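Participant: Please see the structure below; I have some questions.
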Amino acid sequence: MGAQAHLIVGSLPGNLISNAARFIALGLEWAYTELDIRMTLPATDALLATQATNYASIATACVSNSGCVGITTWDTSDDYSWVPSTFSGQGAALLFDANKQPKPAYKAVADVLAAATVTGTFTGWYKP
């Protein structure tokens with residue numbers, strides 16, 4: 001199970017994290033897929049800070065629950081994002097800017113991952 005997570009800065013759905021927990025409680029694996037968190041341009045320091053908090057919230061929700069198996073972003077840098085061509089006047093949705101430089105959201109996610117406690121045992125790579 002999972003959620004395509006095309007989100008808006010400062011407007012995370014209130015049930016996004018609780019819905020994941022409900023599916024995980026049923027014994028299902030969960031993933032946040034196609035994650036991007038767009039904003040109205042131009043990007044400001046305040047919007048970038050809020051975006052960082054939003055990305056950290058999703059990352060925290062995932063690493064806090066062993067049933068969450070991953071987070072996938074909908075590309076790597078803003079210059080490859082689909083958002084500006086679909087939502088006029090919006091963009092800056094990814095972890096790296098158009099010059100491939102990490103944004104505050106990148107550091108926020110990295111901090112969450114660095115602080116995470118790894119539990120369980122690695123059993124090897126999947127072999128069909």
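Participant: If one computes the Cα centroid of the stretch 1-69 and of the stretch 76-118, what distance in Å separates the two points?
Facilitator: If you average the Cα positions of each part, the centres end up 13 Å apart.
Participant: Farthest toward the dipole's positive end in the stretch 11-128, which of TRP74, ILE37, ALA114, given Cβ charges of +1 (Lys, Arg) and -1 (Asp, Glu) about the Cα centre?
Facilitator: ALA114
Participant: Could you provide, to the nearest whole Å², the per residue accessible area of the chain with probe 1.4 Å?
Facilitator: 60 Å²
Participant: Going by amide H atoms built from the backbone, whose H comes under 5 Å of the H on ASP97, apart from near neighbours?
Facilitator: When sequence neighbours closer than 5 places are left aside, the close amide H contacts are ASP78, LYS103.
Participant: Mind pulling the angle between the C-alpha long axis of helix 104-115 and the longest principal axis of the chain? Nearest 10 degrees, somewhere in 0 to 90.
Facilitator: Roughly 20 degrees between the two axes.
Participant: Which three extents, in angstrom, do the Cα atoms of the chain have along their principal axes, listed largest first?
Facilitator: Largest first, the chain extends 44, 30, 27 Å along its Cα principal axes.
Participant: Got a number for carbon plus sulfur as a percent of the chain's accessible area, 1.4 Å probe?
Facilitator: About 59 percent, which is the carbon plus sulfur part of the accessible surface.
Participant: Residue by residue through the stretch 73-82, which ³J(HN,Hα) values in whole Hz follow from phi under the Karplus form 6.51 cos²θ - 1.76 cosθ + 1.60 (θ = phi - 60°), with glycine and proline marked x?
Facilitator: 8, 8, 2, 9, 9, 4, 6, 9, 6, 7
The values are calculated or read from the model by the stated rules, or taken from the named source; none is laboratory data. What you see is a predicted model; the values in this text were computed from it and never measured. Quick reminder, even Gly has a Cβ in these numbers, built from the backbone with ideal geometry, and neighbours come from all protein chains shown. Side chains are part of the model used for accessible areas, which takes the heavy atoms of the whole protein and leaves out ligands, DNA and RNA. Shrake-Rupley method; radii C 1.70, N 1.55, O 1.52, S 1.80 Å.
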